[in-house]
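Enquirer: Take this structure, written in structure tokens, and hold onto it; I'll ask about it next.
The values are calculated or read from the model by the stated rules, or taken from the named source; none is laboratory data. Since this is a predicted model, take the numbers as computed values, not measurements. Positions of Cβ are backbone-derived with ideal geometry, glycine not excepted, and every protein chain shown enters the neighbour counts. All accessible areas refer to the heavy atoms of the entire protein, side chains included, with ligands and DNA or RNA removed. Shrake-Rupley method; radii C 1.70, N 1.55, O 1.52, S 1.80 Å.
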Amino acid sequence: MEIRGAISADRPLLVMAIDLEAEHLDTGLPILFTGMGKVNAAVAVAAALSAASRPREIINLGTAGALRAGLSGTHEIGTVVQHDFDEDTLFRLTGVLSSPPLTVGPDTALTLATGDSFIADDAVRARLAEHAALVDMEGYAIAAAAHAAAVPVRLIKHVSDEAGAGADRTWRESVADCSRALGAWLARQAA
């Protein structure tokens, strides 16, 4: 976990997994780098929000794999779910929803599936595509920590790969372009 800049109540806090995704951001906003995965993201956001000064909102900028053909570009997420949490079995056992879908944006926006695996398998991609359009490794955790602290949150994802065979290579090749696109999105918001 690393914070660059000072968190203040009058500005958003940008939250990103790693600095490669922020390489082409030109901003004076504070950025929290959580590290990869749900645990790192949840711990980092919770720690940042426990500080004396809380941000106006959290904006999670990052890359995502496309689970459906034809998806590209930058998207604001509407709903986020965990794809590696067995909600159905746990609900049958306990009667408690432990990890319900979280609404984070417009109803018309896409669903993001978050899990602790980098998806580079066509069969897994097809299974996840039944419930979501994009996949990442931190979004749900960031949204859950923000919701728990009653801080507004937005998830903005740029498609880096097709979450199938070869996605690891494609991500490495596209992360700089994704960073530029996320920087452009952020610049438009400030305009």
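Enquirer: Residues that are within 20 Å of Asn60 (Cα to Cα), acidic (Asp, Glu) and at pLDDT 85 or above: find the helices (runs of 4 or more DSSP H) completely inside the stretch 88-191 holding 1 or more of those.
Expert: Ranges flagged: 167-190.
Enquirer: Could you tell me which of the residues Ala120, Ala129, Ala141, Ala109 is out of contact with any Cys (no Cβ under 6 Å at 6 or more places or on another chain), surrounded by 15 or more Cβ atoms within 10 Å (Cβ to Cβ) and under 20 Å from Thr34 (Cβ atoms)?
Expert: Step by step, each of Ala120, Ala129, Ala141, Ala109 is checked, and only Ala141 is out of contact with any Cys (no Cβ under 6 Å at 6 or more places or on another chain), surrounded by 15 or more Cβ atoms within 10 Å (Cβ to Cβ) and under 20 Å from Thr34 (Cβ atoms).
Enquirer: Can you tell me how many residues in the stretch 5-24 are among the charged types (D, E, K, R), loosely packed, with under 14 Cβ neighbours inside 10 Å and within 18 Å of Ala190 (Cβ to Cβ)?
Expert: 1
Enquirer: From the set of residues in the stretch 80-102 that are β-branched (Val, Ile, Thr) and open to solvent by 40 Å² or more (accessible area, probe 1.4 Å), which is farthest from Gly183 (Cα to Cα)?
Expert: Thr94
Quick grid of which residues meet (1) part of a strand (DSSP E or B); (2) touching a helix residue (DSSP H, G or I) at 6+ places or on another chain (Cβ under 8 Å); (3) surrounded by fewer than 24 Cβ atoms within 10 Å (Cβ to Cβ):
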{"position": "Asp26", "(1), (2), (3)": "no, yes, yes"}
{"position": "Met36", "(1), (2), (3)": "no, no, yes"}
{"position": "Ala46", "(1), (2), (3)": "no, yes, yes"}
{"position": "Ala52", "(1), (2), (3)": "no, no, yes"}
{"position": "Arg56", "(1), (2), (3)": "no, no, yes"}
{"position": "Leu61", "(1), (2), (3)": "yes, yes, no"}
{"position": "Gly65", "(1), (2), (3)": "yes, yes, no"}
